[in-house]
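Have a look at the structure below before the remarks.
The values are calculated or read from the model by the stated rules, or taken from the named source; none is laboratory data. What you see is a predicted model; the values in this text were computed from it and never measured. All Cβ positions, even for glycine, are placed from backbone atoms using ideal geometry, and neighbour counts span all protein chains on display. Areas reflect the complete protein model, heavy atoms only, side chains present, ligands, DNA and RNA absent. Shrake-Rupley method; radii C 1.70, N 1.55, O 1.52, S 1.80 Å.
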Amino acid sequence: MHLATHEPVVSIDLLRRLDGPGPRYTSYPTADRFVEAFGAVQYERALRARAEGAAGGAGAAALSVYVHIPFCESVCYYCACNKVVTRDHTRSGPYLDALEREIALHVAVLGARQPVTQLHLGGGTPTFFNDAELTRLMQMLRGAFGITASAEVSIEVDPRTADPQRLQHLRDLGFNRLSFGVQDFDPAVQRAVHRVQSEESVRELVVAAREIGFRSTNVDLIYGLPQQTADSFARTVQQVCQLRPDRIALYAYAHLPQRFKPQRRIDAALLPLASQKITMLSQAIDGFVGAGYTYIGMDHFALPDDSLAIAKRQGRLHRNFQGYSTQPDCDLIGLGVSAIGRLGATYSQNAKTLEDYNDALNQRQFPTVRGMELTRDDLLRRSVIMALMCQGRVEFESIEVAHLIDFRETFGAELGTLVNLQASGLVELHPDAIEVTALGWYFVRSIAMVFDRHLQADRAREHFSRVI
Ligand code: SF4
């Protein structure tokens, strides 16, 4: 891996100017816009509309299903997820009972055996469940939904809870994709974030996953953690390149201890400076691209023969709550505490505490507590943002035909803002299209943010309150 001996793929100066915090656009509008006025009644209505649409001749469009398993045996100090930290494994059974009730509520409206082309188990730690519990969960899901033969069936695996035998069991249950949480291989960093796992154990699992025949293996990394330095993270990048997972997700750590309690256990004095974080990102991009990975967009890299890299080349990428995907946009049913779903022009989220989640299900009610119905403007902007993030190109005509608008008239202000990004080499503005450049893919979030009406309205409000 070459570091600092050649021109970086993306200049440090551009990263410093443009790689600020911002939404990841796994949905538009983003989940922080959900409101409590959208609850169980509205969710059930959206579900019925889907069922009636299918019965009315539209046919049952494919579904995606996400299941959230909240338990973790120990807490990672950087954690910003919804989880329950416990070593008490007797909690799994009642949680599976609750999931069974939630699944039954869906089947009662949709009917059984709806075709599912994508199933993902996330957490928390899905592998907190033992083999028998995972078997029960998959039986429940297969009984309720028609998981197609070619479906993507994926699971997040905490390397500390798995061995090659467990991976074989997951394969036998029909999982064909694995995602390992690695974050960093440096022992000092691992101690500082309370997540110690050796490189050897991860290597053993990645090798086993390949031998067992998983279609794709992903490794998650985080930069900006305590005790990380540009050199130490460059070593982790190099180690990951040697492991050669099919996909790599590289996230920035955001230290928000007021919002996420576990982060209060991180000594802020040990965090790398913003300038060091930029160097880590730049070196990681160089390392992965230099090792032959394709940059997909946002935080994702994939080997050129991985389906995600092929989909990017062919302009067939999609984006959903799990990030980039090769699966066409479809309804998503989110099961489990805090899970997010998407049905037609709605988003919804389940109760965030186990108590509220269980209470609703004990009363045979959907545990939805927040969500939103998208307006016409939301749907229009979602199309533009997803076209930018997935195809790297917005054809004005296709948006105009789908949404009955005049693109230049509707987005005059946004096109004006893009002129600045054009000057930085991130986009090309054509008479009939916006095109993201090769460099622009690294900042596609900043380009998308220009079209986020909610974000721009917040900024205008902030600016207004600062100036008065
Ligand atoms: S980061 Fe993942 S494994 Fe660690 S505490 Fe949070 S949810 Fe659990």
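Kirkwood hydrodynamic radius (Cα pairs, Å) of the chain?
Numbers: mean 1/r = 0.0428 Å⁻¹.
It works out to 23.4 Å.
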Accessible solvent surface per residue of segment 68-190, calculated while the other protein chains remain in place, 1.4 angstrom probe, Å²: 34
Translational diffusion coefficient (Stokes-Einstein; Kirkwood radius from C-alpha pairs) of segment 320-468 at 37 °C, 0.692 mPa s, in µm²/s: 186
Cα centroid separation, segment 398-426 to segment 156-210 (Å): 43
Count of Lys pairs (Cα-Cα under 25 Å; at least 8 positions apart or interchain) in the chain: 4
Simple Cβ-charge dipole of the chain, Lys/Arg +1 and Asp/Glu -1, about Cα centre, in debye nearest 20: 580
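Of the beta bridges DSSP finds with both residues in segment 176-321, what % are antiparallel, to the nearest 5?
Working: 6 of 18 bridges.
Within segment 176-321, antiparallel bridges account for around 35 percent of the total.
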Portion, in percent, of the accessible area of the chain that falls on carbon or sulfur, probe 1.4 Å: 52
For segment 261-330: accessible area per residue (Å², 1.4 Å): 41
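Could you report segment 392-468's accessible area per residue, 1.4 Å probe, as an integer in Å²?
Details: 4170 Å² over 77 residues.
Value returned for segment 392-468: 54 Å² of accessible area per residue.
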Segment Leu415-Thr229, extension gain: residue separation times 0.36 nm, minus the distance between their alpha carbons: 63.0 nm
Computed E for Arg17/Arg364 - FRET, C-beta separation, R0 51 angstrom, nearest 0.05: 0.45
Beta bridge orientation in the chain: antiparallel %, DSSP, nearest 5: 40
Net charge over other residues, Cβ less than 13 angstrom from the Cβ of Asp13 (K, R count +1; D, E count -1): 0
